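Taking it in order: structure first as structure tokens, then the write-up.
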Amino acid sequence: MVKRQELSLRENRRKARFHSIREGIFATAKGSFGDRFISPFAIAINTSSPMVAMFSSISGLLGPLSQLVGSRSIEKRSRKEIIMKSVFLETLMWVPLIALAILFYKGIFVNTLPFLLIFFFALLIIFGNFGYPAWFSWMGDIVNKKHRGKFFSKRNLIMGVVSIVLAV
């Protein structure tokens, strides 16, 4: 019985590592197709230069602050719940960003769009970074301490290759 549970635990960890690599591929795609185009999108909707500069400040400030809050939430909620909500809310933030592009195309609220872009981008950063501490903790349980370097080098290599392929 104990041996069966041990095999099941190993298999679950193996599957979780595999899914982590898949998740990394999709996160790389999201970064390649979405995150890196926020500043050009801001310029396209006639955002002023100081406001465009705020985008790097927003991610540099709000990202770590939301990670700090996220690390404290691990004590109160399950890591899976935190990660699932964080990813869901981050994904949901792309809907208003797409809506901003449509509003600009239609010429609606054109003067307000840069402010809305900053607001929704800030929420995207907050929700996206909130789940990182839970993810790091979870990965620490899934990947054996002795094999972490090998696993994460493999994962990062795959993500790097995907990033290069998507850049072409």
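The values are calculated or read from the model by the stated rules, or taken from the named source; none is laboratory data. The structure displayed is predicted, hence computed values, not measured ones. In this analysis, Cβ positions are derived from the backbone assuming ideal geometry, glycine residues included, and neighbour counts consider all displayed protein chains. Calculation scope for accessible area: heavy atoms of the full protein, side chains included, ligands and nucleic acids excluded. Shrake-Rupley method; radii C 1.70, N 1.55, O 1.52, S 1.80 Å.
Brief remarks follow.
- Residue that is farthest from Phe37 (Cα to Cα), among those in segment 76-100 that are among the hydroxyl-bearing types (Ser, Thr, Tyr) and under 12 Å from the mean Cα position of the chain (by Cα): Ser86
- In segment 55-73, the residues that are over 19 Å from Leu97 (Cα atoms) form Cβ pairs under 6 Å with partners that are open to solvent by 50 Å² or more (accessible area, probe 1.4 Å), at six or more places apart or across chains, as follows: Ser66/Ile126; Ser66/Phe130; Gln67/Tyr132; Gly70/Phe130.
- Once segment 47-67 is narrowed to residues that are among the polar types (S, T, N, Q) and loosely packed, with under 12 Cβ neighbours inside 10 Å, the residue that is nearest to Phe104 (Cα to Cα) is Ser48.
- Count - residues of segment 20-57 that are among the aromatic types (Phe, Trp, Tyr) and closer than 30 Å to Ser153 by Cβ: 3
- Filtered residues of segment 16-39 (kept if over 15 Å from Trp94 (Cα atoms) and acidic (Asp, Glu)): Glu23
- Criterion applied to Asn156, Asn111, Asn144, Asn129 was being closer than 20 Å to Leu61 by Cα and not hydrophobic (A, V, I, L, M, F, W, C), and the one residue passing it is Asn129.
- When segment 50-89 is filtered for residues that are of a type in the set (S, T, N, Q) and modelled with pLDDT of 90 or more, the ones remaining, listed by number, are Ser66, Gln67, Ser71, Ser73, Ser78, Ser86.
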